[in-house]
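Enquirer: After the C-alpha cells below, expect a handful of questions from me.
The values are calculated or read from the model by the stated rules, or taken from the named source; none is laboratory data. In this text, all values refer to a predicted model and were calculated from it rather than measured experimentally. Every residue, glycine among them, receives a Cβ derived from its backbone with ideal geometry; neighbour counts consider all protein chains shown. Accessible surface is based on the protein model in full, side chains and every heavy atom, while ligands, DNA and RNA are left aside. Shrake-Rupley method; radii C 1.70, N 1.55, O 1.52, S 1.80 Å.
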Amino acid sequence: MALSGLEIYKLLPKTNCKECGQPTCLAFAMKLASKAAELSACPYVSDESKAALESAGAPPIRLVVIGAGNKKIEIGNETVCFRHEKTFFHQPGIVVRVKDTQSPEAIAALVQKVSDYSVERVGIQITLDGIAVENASGNAQTFAKAVELVKSKTSLPLVLLSQDAATMEAGLGAAGDSKPLIYAATSENWEDMAALAKKFNAPLAVHSNQGLSGLATLADQISKAGVVDLVLDPETPSANNSLALMTQVRRLALKKNFRPLGFPMITFPSRFASSPEEETIVAAQNIAKYSGVIVLDNFDPTLVYPLLTLRQNVYTDPQKPIQVKPDIYTFGDPGPNSPLLITTNFSLTYFTVAGEIEASGISTWLLIADSEGMSVLTAWAAGKFDAEKIAKAVKTSNIVDKIGHRKLVLPGFVAGMSGEVEEELPGWKIAVGPREAVDISAYLKGIWTPN
Amino acid sequence: MPVTVETPIEKWNGKVREVTLGATQAEGGTRTSTVTVGGSATLPFLHFEGSVPHRPVIAIQIQDVDPQDWSPALRAAWGDTTKDVVAWAKKAAELGPDLIALNLRSAHPDAGNRGADEVAQTVKSVLGAVGLPLIVYGPGVAEKDNDVLVRVAEVTAGERLAIGLCEQGNYRTIVAACLANGHIAIARAPIDVNIQKQINILINDMGLPLDRILMDPTTGALGYGLEYSYSVLERLRLSSLQGDGMTQMPTICTVGEEAWRAKESKVSEGVPEAWGNYAERGVIWETITATTQLQAGADIVVLRHPKAVGLIRKTIDLMMAQ
C-alpha cells in the first residue's frame with residue numbers, strides 16, 4: 001500500500017538540510033507521497049529506509065494468475081477492505097470440483113456443463129471460471145488420467161488437488177503448460193511442492209491449519225525458496241473463525257504491508273456446509289469477504305446463478321455503476337395503445353422501474369435514455385437528462401413505429417421540464433408520472449390513458 | 001524462521017446501541033419474551049475484535065390480507081394459512097423466528113381501505129395469538145399510515161412494538177404515537193447514509209429516546225441494488241463504531257419483501273434456463289440477499305419464506321458459534 005506523507009517522513013533523516021530542493025523533510029515526504037519527487041533526491045536517506053520505501057511501492061496483495069489460455073483467473077492486487085472505500089478489483093474465480101474417483105463419463109459431463117454455463121446479466125455475460133480436479137483415488141496414474149480428460153474437455157483454468165508431490169507431478173505433467181493452481185503446499189511437503197511450482201511455472205496454494213502464524217511461516221519459507229505466486233488457505237474448523245482469519249489476512253496485507261500474507265486466498269465452502277444450499281451461503285460470504293478462488297462441490301444453475309449475480313454486485317465499481325443500454329424495453333406484450341415511459345440508464349434506476357412495471361402487470365414500453373449511468377435527479381442536475389436528451393432518445397428510437405398515441409410519461413422528479421420537452425417534441429403530449437417507482441403500478445392501472 | 005503474526009485489532013470508540021423489542025407483563029405489555037438487538041462493538045461476527053452480545057434476529061413477515069400478488073413459489077409455501085392473519089401468525093411463530101412483522105396492507109386504498117379501528121383490532125388479535133414481540137408496518141400511504149398507526153399505537157400502549165415506516169416526508173405523527181405509547185420507531189431512508197442520519201436526528205429531536213429507534217436504510221435485493229444497501233450498511237456500522245451517536249441504532253432490513261419482488265423470484269416462464277429451478281430460486285434469492293445484509297451489519301432481517309428462515313437461522317448459528 002502506498003505510504004502517506006507522514007509515514008514517509010518517519011523514514012527520512014528529518015534534518016531539513018534542503019539539499020533535495022524542498023524546504024523541509026516533511027515537505028519532501030509530501031512530494032514523495034504524491035509522486036511529485038524521487039527518493040534519490042535525498043542524499044542522506046538510509047539504506048534501510050530506502051528498502052522500506054521501495055517495498056512499499058509493490059502491491060500489498062500480489063496479483064496471481066491461474067491458467068494460461070484465453071480464460072484466466074486473475075486475483076489479488078486489492079487495495080481496500082471495504083468496497084465503498086474505492087472498489088474491489090479482481091473478482092474471485094468460482095470453480096467446480098471433480099474427483100478422480102468419478103467415472104470418466106460423469107467427469108466429462110460435469111466439465112461440459114460448467115464450461116458451457118453462461119448467462120447474461122445487466123448486459124454482461126457471467127460464467128464460471130475453472131475446474132478443480134481432486135486426487136481422491138490416491139493413485140497418481142488415475143489422477144493424471146482425470147486431469148488429461150478434464151483438460152481435453154475445457155479451456156478453463158484448473159486447480160489440482162493432492163498433498164502428495166509425486167501424484168501432483170503426474171497431474172501437472174498431464175496439465176501441460178496450462179499453469180494450473182497447485183493445491184497445496186503444507187508444512188510436510190512444501191519443499192517438493194515449491195520445486196514443482198518452479199518446474200511447471202505454476203502458482204502454488206499454501207495450506208495451514210495452524211493459525212496465521214503457521215501459515216505466514218510456511219508462506220515466508222516458500223517465498224524465500226523462490227516461489228512468489230502464492231494463494232493462501234488458512235483452514236480453521238469454524239465458519240466464523242474463517243471469516244476472522246480472512247479479515248485478518250486482508251488487514252495485515254493492506255494496513256501493515258505484511259509481506260508473508262500478502263497474497264489472495266482460496267476457500268472451500270463445503271467445509272462448513274451440510275447441504276448444497278448451505279454451501280452456496282458460505283460461498284456468498286466468501287465472495288463479499290475476501291476470497292480469491294472459491295471451490296464448489298455442487299454445480300446447480302439454481303445455486304450458481306445467485307452467486308455469480310452477487311459477485312457482479314459486490315465487484316461493481318461504486319464510482320462507475322453498471323449501466324443498461326439505451327433502448328426500448330418491453331414489459332408484457334405492449335401494443336399501439338400501451339403506455340410509454342422514459343427514464344435514465346443507471347442500472348439501479350432501470351431495475352427499480354422495471355420491477356414496478358412488471359409488478360403492475362400492465363404491458364408497457366420503457367424508453368431508456370443515455371444519461372451516462374446517472375439516476376434521474378443526478379442526471380437532470382448534470383444536464384444529462386434534459387429536454388434535449390429526452391427528445392433525442394425518442395427520435396433516435398423507432399418507438400413512433402410501434403405506438404399509435406404520442407404520449408410520453410416523464411419521471412415525476414423532472415415534472416418541471418415537461419413544457420420544454422413539449423417544445424422539443426412537437427405533436428407529443430408530455431405526461432408526468434409518479435416521483436417514486438413504487439407508485440408506478442397505481443399510475444399505470446389508474447391514471448394513464450393514451451389520450 | 002517462524003514468523004509471528006500479531007492479530008490486527010481495530011480500536012473502535014463506539015458500538016451499536018441496544019434496543020429491546022416487546023414488553024412482558026411485568027414491563028407493561030403482554031409478550032411472553034422480549035428480543036434485544038444491537039450492542040456490537042465490532043464489525044459483523046468479528047468475535048476476535050470486540051463483543052457481539054446479541055445475535056442478529058429473524059422476523060417473519062405476514063400481512064392482514066391474503067397476498068394474492070405474492071410469487072406463486074412463496075404462496076405455495078404457506079398454503080391457505082395466508083387467508084387468516086391470526087392463523088398465519090401462529091404458523092409463522094411455530095417456525096421459531098425471533099419476531100413477527102405484520103403488514104397492515106388491508107388499510108391500503110388498493111387493498112380494502114380498512115379503517116383504523118378495524119385494523120387496530122387485527123393487531124390486538126395477532127398479539128393475542130402469539131407471544132413474540134411484533135413489528136407493525138402501515139400500508140405505506142402517508143395519510144393512511146398516520147391514521148392507522150396512531151390507532152394501533154394507542155390500543156397496544158406499552159407493548160413496545162416496532163412501528164414503521166418513518167420517512168423524511170412523513171414521520172411526525174407516527175413518532176408522536178410511538179413516544180406517547182411506549183413503542184419503537186423504524187426510521188427509513190433511501191439507501192443514503194446522510195439522509196438516514198438526518199431522519200434519525202429528526203426523530204430523536206421529537207423526544208424519542210435513541211434506544212427506541214431502529215434504522216431501515218432500505219434493502220436492495222440480490223441483482224437489484226444489493227451492492228448499494230450492502231455498502232450503506234457497512235458505512236453505517238463503521239460510523240457507529242467510530243462513535244457517531246446518530247448512526248448507532250440497530251438496523252432492520254426488509255429482505256423478503258425486496259427479494260421476492262425480483263424477477264428471478266416471481267417469474268417461472270420465459271426466463272433463461274441458466275436461472276435454474278423456479279421453485280427453489282426465490283428461496284435462494286431471499287437467502288443470499290439476507291446473508292449478505294447480515295454480513296454487512298443487519299441486526300434484524302425480515303423474511304418471507306419458511307425455508308429461508310431455516311437456512312438463515314443456521315447461518316446465524318454458524319457465525320455466532322464461539
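Enquirer: Taking the dipole about the Cα centre of the protein assembly as shown, with the C-beta of Lys and Arg at +1 and of Asp and Glu at -1, give me whichever of A:LEU156, A:VAL133, B:LEU208 is farthest to the positive side.
Expert: Toward the positive end, the furthest listed residue is B:LEU208.
Enquirer: Please list, in chain and number order, the residues 5+ apart from A:ALA273 or on another chain whose amide H is under 5 Å from its amide H, with Hs placed from the backbone.
Expert: The answer is none.
Enquirer: On to the next question. Using the Karplus curve 6.51 cos²θ - 1.76 cosθ + 1.60 with θ = phi - 60°, work out ³J(HN,Hα) for each residue of segment A:233-238 in order, rounded to whole Hz, and write x for Gly and Pro.
Expert: 10, x, 6, 8, x, 10
Enquirer: Same structure, new question: Please report the antiparallel percentage of the DSSP beta bridges confined to chain A, to the nearest 5.
Expert: Working: 12 of 48 bridges.
Of those bridges, close to 25 percent are antiparallel.
Enquirer: Which is the longest stretch in chain B that no exposed loop site breaks, taking sites as GluC sites (Glu not before Pro) with a DSSP loop state and at most 12 other Cβ atoms within 10 Å?
Expert: The longest such stretch corresponds to B:7-268.
Enquirer: Indicate the gyration tensor shape class of segment A:303-375 (rounded, prolate or oblate), computed on the Cα atoms with a ≥ b ≥ c the square roots of the eigenvalues: a/c under 1.5 is rounded; otherwise a/b larger than b/c is prolate and the rest oblate.
Expert: oblate
Enquirer: Filter the trypsin sites (Lys or Arg not before Pro) in segment B:217-322 down to the DSSP loop ones having no more than 12 other Cβ atoms within 10 Å, then list what survives. Walk me through the numbers on the way to the answer.
Expert: Numbers: sites: B:ARG235, B:ARG237, B:ARG261, B:LYS263, B:LYS266, B:ARG281, B:ARG304, B:LYS307, B:ARG313, B:LYS314; in loops: B:ARG261, B:ARG304.
Qualifying residues, ordered by number: none.
Enquirer: Same structure again: For the protein assembly as shown, what does -39500 (n - 2.57) per DSSP helix run (n ≥ 4), summed and divided by total residues, give at 222 nm, in deg cm²/dmol to the nearest 500?
Expert: That comes out to -11500 deg cm²/dmol.
Enquirer: Which angle between 0 and 90 degrees, to the nearest 10, do you get for helix A:387-396 versus the longest principal axis of chain A when only C-alpha atoms count?
Expert: Between the helix axis and the principal axis of chain A, the angle is about 90 degrees.
Enquirer: Just the number, please: buried accessible area between B and A, total of both chains, 1.4 angstrom probe, nearest 100 square angstrom.
Expert: Counting protein atoms only, the buried area is about 4700 Å².
Enquirer: Once phi is turned into ³J(HN,Hα) by the Karplus curve 6.51 cos²θ - 1.76 cosθ + 1.60 with θ = phi - 60°, what whole-Hz value does each residue of segment A:116-130 show in order, with x for glycine and proline?
Expert: Coupling constants for segment A:116-130: 7, 5, 7, 8, 8, 9, 6, x, 10, 6, 10, 9, 7, 10, x Hz.
Enquirer: From the phi of every residue in segment B:184-195, what ³J(HN,Hα) in whole Hz does the Karplus formula 6.51 cos²θ - 1.76 cosθ + 1.60 yield, where θ is phi - 60° and glycine or proline is x?
Expert: 10, 9, 9, 9, 10, 10, x, 6, 8, 4, 5, 5
Enquirer: Name the shape class, rounded, prolate or oblate, that the alpha-carbon gyration tensor gives for segment B:112-270, where a ≥ b ≥ c are the square roots of its eigenvalues, rounded holds for a/c under 1.5, and otherwise prolate holds if a/b is larger than b/c and oblate otherwise.
Expert: oblate
Enquirer: Kindly report the accessible area of chain A per residue (heavy atoms of protein chains, probe 1.4 Å, no ligands, DNA or RNA), in Å².
Expert: Here the residues of chain A average 42 Å² of exposed surface.
Enquirer: From the mean inverse distance of alpha carbon pairs (Kirkwood) and the Cα radius of gyration, derive Rg over Rh for chain B. Don't skip to the end; give the middle numbers.
Expert: Numbers: Rg = 19.3 Å, Rh = 19.9 Å.
Rounded to two decimals, Rg over Rh is 0.97.
Enquirer: What percentage of the solvent-accessible surface of chain B, computed with a 1.4 Å probe over protein heavy atoms, is contributed by carbon and sulfur atoms?
Expert: 47 percent
Enquirer: Considering amide H positions built from the backbone, and no H for Pro or chain starts, which residues 5 or more places from B:ALA101, or on another chain, come under 5 Å of its amide H?
Expert: B:ILE60, B:GLN61, B:ILE62, B:ILE135
Enquirer: With both bridge residues required to lie in the protein assembly as shown, what share of the DSSP beta bridges run antiparallel, to the nearest 5%? List each step's numbers first, then the result.
Expert: On the way: 17 of 81 bridges.
Bridges in the protein assembly as shown that DSSP calls antiparallel: roughly 20 percent.
Enquirer: Quick one: putting +1 on the C-beta of Lys and Arg, -1 on the C-beta of Asp and Glu, what dipole do you get for segment A:328-447 around its Cα centre, in Debye to the nearest 20?
Expert: Approximately 200 debye in magnitude.
Enquirer: Of the accessible area of chain A, with the probe set at 1.4 angstrom, what percent is carbon plus sulfur?
Expert: Carbon plus sulfur share of accessible area: 50 percent.
Enquirer: Also: Between segment A:178-193 and segment B:166-230, how far is it from one alpha carbon centroid to the other, in angstrom?
Expert: A separation of 52 Å, based on Cα centres.
Enquirer: For the charge dipole of the protein assembly as shown, defined by +1 on Lys and Arg C-beta atoms and -1 on Asp and Glu C-beta atoms about the Cα centroid, which residue among B:LEU21, B:GLN196, A:SER347 has the Cα displaced farthest towards the positive pole?
Expert: It is B:GLN196.
Enquirer: Might you report the magnitude of the Cβ-based charge dipole of chain A about its Cα centre, with Lys and Arg at +1 and Asp and Glu at -1, to the nearest 20 debye?
Expert: Details: 42 positive and 47 negative charges, 176 e Å.
For chain A, the charge dipole is close to 840 debye.
Enquirer: Per residue and in cubic angstrom, what volume does the convex hull of the Cα atoms of the protein assembly as shown have?
Expert: 186 Å³
Enquirer: Give me the number: length gained by fully extending A:GLN125 to A:LYS14, i.e. 0.36 nm times residue separation minus the C-alpha to C-alpha distance, one decimal in nm.
Expert: 34.5 nm
Enquirer: How high is the FRET efficiency from B:GLN322 to B:SER33, r the C-beta distance, R0 22 Å, rounded to 0.05? Mind dumping the intermediate values first?
Expert: Details: r = 23 Å, r/R0 = 1.03.
Once rounded, the FRET efficiency stands at 0.45.
Enquirer: Would you work out which of A:ALA184, A:PRO264, A:SER418 lies farthest towards the positive end of the dipole of chain A, given +1 charges on the beta-carbon of Lys and Arg and -1 on that of Asp and Glu, about the Cα centre?
Expert: Of the listed residues, the answer is A:SER418.
Enquirer: Can I ask one more? Between the chain alone and the structure with every protein chain in place, find the residues of segment B:264-293 that drop at least 40 Å² of accessible area; heavy atoms, 1.4 Å probe.
Expert: B:ALA274, B:TRP275, B:ILE284, B:TRP285, B:ILE288
Enquirer: Let me ask you something else. Would you please name the trypsin sites (Lys or Arg not before Pro) within segment B:1-71 that are DSSP coil residues with at most 14 other C-beta atoms within 10 Å of their C-beta?
Expert: Sparse-neighbourhood loop trypsin sites (Lys or Arg not before Pro): B:LYS11.
Enquirer: Place a +1 charge on the Cβ of each Lys and Arg in the protein assembly as shown and a -1 charge on the Cβ of each Asp and Glu, then give the dipole magnitude about the Cα centre in debye, rounded to the nearest 20.
Expert: Computed charge dipole of the protein assembly as shown: roughly 860 debye.
Enquirer: Looking at the square roots a ≥ b ≥ c of the eigenvalues of the Cα gyration tensor of chain A, which shape do they give, rounded for a/c under 1.5, prolate if a/b is larger than b/c, or oblate? Can you show the working numbers first?
Expert: Values: a/c = 2.95, a/b = 1.42, b/c = 2.08.
Oblate shape, in that a/c is at least 1.5 and b/c is the bigger or equal ratio.
Enquirer: Still on this structure, I have one more. Could you tell me the distance between the Cα centroids of segment A:390-444 and segment B:1-62, to the nearest Å?
Expert: Using only Cα atoms to place each centre, the spacing works out to 48 Å.
Enquirer: Now for a separate question. Scan around A:PHE385 for amide H atoms under 5 Å from its own, H built in the peptide plane at 1.01 Å from N, and keep only partners 5 or more places away or cross-chain.
Expert: Hits under the 5 Å cutoff: A:TRP380.
Enquirer: Quick check: Cα centre of segment A:101-139 to Cα centre of segment A:338-372, how many Å?
Expert: 36 Å
Enquirer: Further question: Counting only protein heavy atoms, probe 1.4 Å: which residues of segment B:1-29 lose 20 Å² or more of accessible surface in the full assembly compared with their chain by itself?
Expert: B:MET1, B:VAL3, B:VAL5, B:PRO8, B:GLU10
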